1. Can you tell me which of 57, 83, 65 is farther than 17 Å from residue 185 by Cα and outside any helix (DSSP H, G or I)?
2. Condition test on residue 160, is it outside any helix (DSSP H, G or I) and either surrounded by 19 or more Cβ atoms within 10 Å (Cβ to Cβ) or in contact with a helix residue (DSSP H, G or I) (Cβ under 9 Å, 6 or more places away or on another chain) (or both)?
3. Determine whether residue 266 is within 15 Å of the chain's Cα centre (by Cα) and closer than 17 Å to residue 43 by Cβ.
4. Across the range 112-146, what is the number of residues that are at pLDDT below 65 and not in a strand (DSSP E or B)?
5. Please find, within the range 269-305, the residue that is modelled with the highest pLDDT out of those that are closer than 16 Å to residue 191 by Cα, under 22 Å from the mean Cα position of the chain (by Cα) and in a loop (DSSP other than H, G, I, E, B).
6. Just give me the residues in the range 147-157 being in a loop (DSSP other than H, G, I, E, B) and surrounded by fewer than 21 Cβ atoms within 10 Å (Cβ to Cβ), in sequence order.
7. From the list 280, 225, exactly one residue is surrounded by fewer than 22 Cβ atoms within 10 Å (Cβ to Cβ), over 24 Å from residue 73 (Cβ atoms) and without any contact (Cβ under 8 Å) to a residue 24 or more places away in the chain. Which is it?
């Protein structure tokens with residue numbers, strides 16, 4: 001299969017990447033449905049996990065349909081298993097296509113990870129080896145997703161805790177080559193970048209500098225937990241269960257000061273607080289977006305604190 005590019009995609013969906021406003025959005029949770037509709041908060045967009053809506057009806061669709069009437073929507077997948085040995089499940093792709101037709105989201109994204117093996121489905125996003133074999137496989141799978149869904153998707157950089165001896169390239173190089181071959185965009189999770197670089201003893205500034213930041217179509221910010229590994233070294237866990245850390249805010253400010261404002265999502269999937277608490281974080285991101293310089297080719301480390 002030839003690698004797809006955005007110019008080959010049907011116009012009706014190829015523009016999805018450009019649809020999200022360069023503002024701060026919030027991950028939409030069921031406990032906040034009624035408050036969002038009642039108060040119509042000033043939020044740039046909402047994002048939901050696609051797999052939570054892969055049914056034909058029910059209250060989740062009732063509320064999301066009403067909220068979609070007032071806000072741009074981003075779909076974030078967690079189940080395509082792009083790094084698995086086998087191609088994405090066609091039935092899953094069919095359900096995803098119906099969901100996209102139903103809500104006409106302005107963005108769709110997935111993870112650089114795998115979560116299936118043969119007939120087994122794992123409740124985790126597991127890392128891949130960064131080598132030529134994996135690269136070709138991931139690109140084939142992304143090509144199939146973009147071909148079936150008729151859109152340009154975004155690929156999210158992972159949070160990782162182990163690395164593979166058979167890797168022959170670093171993560172940033174791997175991601176850049178996937179984007180080059182498939183034409184997909186990058187979902188930059190700044191928290192994941194900090195978590196992975198800390199866990200593997202690498203400099204996050206070097207990592208961000210090596211990424212193709214011009215391809216960033218969305219940014220994610222979330223909280224992490226701190227621990228230590230068996231050797232007593234720092235171990236960070238991407239748990240999406242706390243406020244965004246100051247170091248991540250600093251990294252984020254450095255990125256958008258380099259590339260300009262980008263759609264930015266505040267994620268909270270565990271210990272979900274009140275909507276007001278999440279909205280306050282979104283407003284903090286919005287203030288940084290408003291203050292961001294126009295895109296420039298300065299050192300990505302500048303402003304990283």
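1. Details: 83 fails: farther than 17 Å from residue 185 by Cα; 65 fails: outside any helix (DSSP H, G or I).
Going through 57, 83, 65 in turn, just one is farther than 17 Å from residue 185 by Cα and outside any helix (DSSP H, G or I): 57.
2. So residue 160 passes the test.
3. Details: within 15 Å of the chain's Cα centre (by Cα): yes; closer than 17 Å to residue 43 by Cβ: yes.
Yes.
4. The qualifying residues number 1.
5. Per the criteria, the residue is 269.
6. Within the range 147-157, the subset in a loop (DSSP other than H, G, I, E, B) is 150-153, 157.
Hit for the range 147-157 is 150, nothing else.
7. Testing whether each residue is surrounded by fewer than 22 Cβ atoms within 10 Å (Cβ to Cβ), over 24 Å from residue 73 (Cβ atoms) and without any contact (Cβ under 8 Å) to a residue 24 or more places away in the chain leaves just 225.
Table: residues versus (1) at pLDDT below 95; (2) within 26 Å of residue 23 (Cα to Cα); (3) surrounded by fewer than 14 Cβ atoms within 10 Å (Cβ to Cβ).
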position: 200; (1), (2), (3): yes, no, no
position: 212; (1), (2), (3): no, yes, no
position: 215; (1), (2), (3): no, yes, no
position: 229; (1), (2), (3): yes, no, yes
position: 242; (1), (2), (3): yes, yes, no
position: 245; (1), (2), (3): no, yes, no
position: 254; (1), (2), (3): no, yes, no
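The values are calculated or read from the model by the stated rules, or taken from the named source; none is laboratory data. The structure displayed is predicted, hence computed values, not measured ones. Note: ideal-geometry Cβ built from the backbone for every residue, glycine included; neighbour counts use all protein chains shown.
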